[in-house]
Structure formats: C-alpha cells, structure tokens
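Have a look at the structure below before the remarks.
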Amino acid sequence: METLDRLVARHAATLEAAIHAVETRCNWSPFRDSPSSRFHAPGKPQAGKAAFEARLGQPFDLDQPGIIGWLGDEESPFTRARLGITYPQSDPVTLIDAAQAALPAWRNTGFEARIAVCLEMAERIYDRNFEMAHAVMHVAGQSYTQAFSGSGPNALDRGIEALAYAAKAMRDIQPSARWERTFGSEEVALDKTYTLMPRGVGLVICCASFPTWNAYPAMFASLATGNPVIVKPHPIAILPMAMVVQECRATLAAFGFDPNLVTLAIDSIEEPVAQSFIDHPAVQIIDFTGSPRYGGHLERTVTGKLLFTETAGINSVVLESCVDLAQTAKAIARATCLFSAQMCTSPQNIYIPSSGITTAQGHVSFEQVAQALVAAVDEIADSPAMAAAIMGAVQAEPSCDIVRRLELSAQEHGDARILRRPAPYAHPDFPDARTMTPLIVAIASGNETLYAEEHFGPVMFLIAAETGDAAVDEATQLVRKHGAISSYLYSTDEDFIARSLNACAVAGMNLSINLHGAMWANFAAAYSDYHVSGLNPAGNACLADLAFVASRFRIVQNRRPALHKELSDAA
C-alpha cells in the first residue's frame, strides 16, 4: 500500500498548480474535458459504455452500514425506460453514527494528507469518466459531450478548486507559537498550540439536473477540513453520485481509512429523508443545491449549523446594442438552448429596447431583433444532429408541463405574442427521447406575472423595455427579489456598460458582457469564475472562495508557560 507521505508527494504538483490558478484566476485543469479518442487510451469509450450498461437492471454494489432496504426508480430521458438499478437504503441514524465513529482518525490525520486523499479520489473518478458520462446522460438528459465535460472534468475542477482554498485556509494557521511579553518586572513566555477541529458530519444534498457539479466542491471542502460526508442524491438522479460514493469509499479503504467517512443516503420523492439528517445534532454542515422553495425553507429554519445553498434565479440578457446582430442572436440562442435551458446559468428573460437597437449595419427594430433570435433558435432546433448535441433531452415531464402551461398563459395574455411554439425534435440516436425546443414569447415590460420567476424548461421571453437603462432597472429589481446566478449584457456604449456594471454589482449579479464565439456565454470556468455571489436570493454561497471552506473547521488553542528561555533556545 502506498504510504500517505508518498501520496502527498505524488499529488503535490497538482495541488500547487490549483492554488496558483485560484490566486491568478488563470485557465488550468489537470484533466481533459473532451471525449475525443486522441486524448484517451484505446478502448476507454467502449469500456465506459459497457460498464454503464452492465449496471442496468442490477443492484448497485455499495457495502455500507444500516441497510434497511433497496430503492431505485430512475428513468432515462433518452429511452424513457427504467434503468432498473436499485441502491441500498440505509437507516439515517446508523449512517450518522458510522460517520461520527470515523471522524476522530480522519481529524487526527494531517490536512495535507486529507487533501491528497481527496485528490486521489478525483483522479480515480476521472478515470471512470466515460462510464460517468453515460450515467449522467441517462438520469439527467445532458448530451453525451456535455455529460462528459460539464459533469466530469469541469465538475471535478470545482472540487479541486475547493481543495485549493482549503489548503490556503488551513496553511494560514500556524500550528504553534512562542509568545513573550513583559508584565511589570516579570518576563512571561508562553508556548501556544493551535489545533484545527472539524465542525461535524456534513450532509450534501444534490440536485437532479447537474448532480456532480455542486457535489464535488461540497464533498471535498468538508473532507479536506476533517468532516465526514453523507451524500443525498436526488431520487431521480442517484447513479452518478452512487458511483462517486463507491469510488470515494474504495479510495479511503485503500489508504487505511474508515470508508464510512463517505456514505450514500437515498430516498424517494414520496418519502424524503433529508430532514432527518438536517435535524440531527451531529450533522453540522449542510450543502444544498436545488429548488428555491426548499432552499428558502432551509435558510429560514436551519440554525446553529453551517448552511451553504445554491438554488435558482431569473437570469436575464439586456441587449442594448451590438456590432453584429446575427452573431449576438446566435450567442443568446445557444446559451438558452444548451441542455434545454435546464442549467442554473440559462438565460430566460431577454430585454430589448422597444424602439430597437443600433448595430454596425444600422438601426434594427424590436421586431427584427426578435426575428433574428427566433431564426437563431430555429437553426439549432431544425437540425436534429445539432439539437441533440446542444439541447440533449428534457430530464422530467414536469419541465415540459411548465412550458405547455406558459404557452397557454401567453395565448390568453393580452400583451403577449407567441413568436415560436415549443415542439419536440427528433433525436437521431434515441427516437423515444423526451425533447422540447424553446417557446419564445414577446411581451412588454411590466407584465411580470409571466416572467418574474424561473421557469425550469426551454422558454425565452423577449421583453420590450422603454430603454436599455429601464431594462437594467427591471432586471436588477427582479434579481433583488428572486435572485440570479448569471446575467448577460450586450452593448457598444461604454457609458451604458459602466452604469449597468454598477447596478448589477449592487444587486449581486455576476455579469457577462459581449460574449460571442466558440465559448458558450454561460460557461463558468473553475479556478477563475466565481459561481453565485451570495448577495441575492439565488444562493448564500459561492463556488468557490475562502468563505466556502474556512468555516468548516475551527481553531482550538492551548497555552502553557514555556521552559526557561535559555533552555528552550538550546533545545
């Protein structure tokens, strides 16, 4: 068995590179996020697909304490068939007791070693990324490429980013110090020791559409700072996190640690279990990603514990002016269509001055802007191959129901016009896939009953505002009330951009300005982009910063009179 010292040495360069990346905000990753065979060993894609398919219809092999039954009711959005995988359901108290029993040895292990173990977990999880891509595809509905990159390396990067901040936070604490001062005629010398102590058991509540992306930073932030972790996946997206827990437990056991430092807690939609963990006094850290309704409930009711939330918000685009309308419309359409608008960064409300916008080709009316946006969406939707690569599938039928209800509401609304009706596209590889292309509605600003909340599905509101400044004003007001995770601005007027930057900063809005080209406007880069500001109702935590990890441990000190100074110096 490899020693911990060797493990720390083996992962040292990766950790230092991650720390350098968060300090400089540069582009870096230890992983390849392309599934191209040029970057991977021969046979890896086929082996990953075969490993996924071998899991179908079988119990998931996860030996953990307190098993009281087996659950599993996942359905593939691509095939509409049940995966048939069942997972061990464990008694919550037994899992908590097991985590508490595992804590002391993990706490007493140096934090550099804990971080190295987490880096080893990340490396081993990445080695199974082709299998993970199929798992994410068939529970979430992401396209194969997005599942491979966004839910694989990009998500793991967020986890390693948290490890970099954990290292920075804990390295900042000196383990011991000699303190000397004169009181009157007496020289006082004290030896002081500072011990880093974990808070307790961590609970990670995962979302359904991107199960790994928020889980990795939460898991690694807690583990690195000495806390055991219980992972509670969404009932319709268990498989990816079951694989993660399986690999984490195997890694811990391989280095002589109690695997119950990481366990899986599953439940059903009908009988949720999260609150049982939240209410237990041993659970001291809660990471939640999911609906604003439950996230808001936690923010109002959880006391005396650490709570980190990311929920959702109303992401907006203000299109005040641009150089090339077709290029800008393509960027907005791609961001909205990506994963059928089931991302926390998907833009929903597109503000356009009612009098139109200026471009390098001249003035363009509101109607012409709207036509350009519809055409850009149609270009994606009308090509099955492009739609499959970008839109993927709709994870669950309720998202389709939301869009259908909005279509009916828009038809009945006096100030709304439907410019594009939602419709399925024919997936070239999965004829039974649940698909839906975007509903596009034009409406005047002030009609907030239709667009003043996040609609989790493919919908785009083209909102006619009096001016660009009025558009920013309404968008920021909605963010203060409902939150936003990503916001977007297109303008050629630097004075307008400056005014908008200030207004968005006050509202806690992360803003992307004039993004076009090959990079998706809603792509968030680990080590460089701060994800969620924590300054509006879309969440109280940021992925990732020092605040995300530093409070997961506390400092306990002891002090005692030092030996005679000459003796201690000689020693």
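Averaging Cα coordinates gives a centre for region 414-466 and one for region 107-177; these two points are 35 Å apart. Sorting I173, I68 on solvent-accessible area from highest to lowest, probe radius 1.4 Å, gives I68, I173. Rolled with a 1.4 Å probe across the full set of protein chains, the surface gives K330 an accessible area near 110 Å². Surface composition of region 255-328: carbon plus sulfur atoms contribute 54% of the solvent-accessible area (1.4 Å probe, protein chains only, all chains present). Note on exposure: F430, F220 ranked by accessible area (1.4 Å probe, complete protein assembly) read F430, F220, with the most exposed listed first.
Based on the alpha carbons, how large is the Rg to Rh ratio for region 393-462 when Rh follows Kirkwood? Each step should come with its number before you reach the end.
On the way: Rg = 12.8 Å, Rh = 12.7 Å.
Ratio of gyration radius to Kirkwood radius for region 393-462: 1.01.
Residues W106, W28, ordered by accessible area of protein heavy atoms at a 1.4 angstrom probe radius and largest first, appear as W28, W106. Adding -39500 (n - 2.57) for every DSSP H run of four residues or longer, then dividing by how many residues the chain holds, sets the calculated 222 nm ellipticity at -13000 deg cm²/dmol.
Please quote Rg/Rh for the chain to two decimal places, taking the Kirkwood radius as Rh and restricting both calculations to Cα atoms. Display every interim value, and only then the final one.
On the way: Rg = 25.5 Å, Rh = 25.1 Å.
That ratio equals 1.02.
Across the chain, the relative contact order, built from alpha-carbon pairs under 8 Å that are at least six residues apart, equals 17 percent.
Once you keep just the Cα pairs under 8 angstrom separated by 6 or more residues, what percentage relative contact order results for region 205-268? So the answer I get is 36 percent.
Per residue, the accessible area of region 233-392 comes to 33 Å², computed with a 1.4 Å probe over protein heavy atoms only. Of the peptides 227-240, 122-135, the order by per-residue mean of other Cβ atoms within 10 Å, starting with the highest, comes out as 227-240, 122-135.
Label point of T358 set 7 angstrom out along Cα-Cβ; within region 457-489, amide nitrogens under 16 Å from it belong to 467-469. With all pairs of separate Cα atoms included, region 335-421 yields a Kirkwood hydrodynamic radius of 14.8 Å. The packing ranking of peptides 243-251, 142-150, highest mean first, is 142-150, 243-251, where packing means the average number of other beta carbon atoms within 10 angstrom of each residue. Summed over the residues of region 107-209 and divided among them, the accessible surface reaches 33 Å² per residue at a probe radius of 1.4 Å.
For the pairs K232/K330; K232/K481; K168/K305, flag any whose C-alpha to C-alpha distance is greater than 31 Å. Table pairs above 31 Å Cα-Cα are K232/K330. Each label point was placed 7 Å from the Cα along the Cα-to-Cβ direction; for D432 and S34 their separation is 3.5 nm. Dividing the alpha-carbon radius of gyration of region 485-571 by the rule-of-thumb value 2.2 N^0.38 Å gives 1.93. In plain terms, the bigger the Kirkwood radius, the slower the diffusion; for region 47-156, with that radius from Cα pairs, at 37 °C and 0.692 mPa s, Stokes-Einstein puts D at 203 µm²/s.
The values are calculated or read from the model by the stated rules, or taken from the named source; none is laboratory data. If you're wondering where the values come from, they're calculated on a predicted model, not measured in any experiment. Counting neighbours? That spans all protein chains shown, and the Cβs are built from the backbone with ideal geometry, glycine included. Surface accessibility is based on the protein's heavy atoms, side chains included, excluding ligands, DNA and RNA. Shrake-Rupley method; radii C 1.70, N 1.55, O 1.52, S 1.80 Å.
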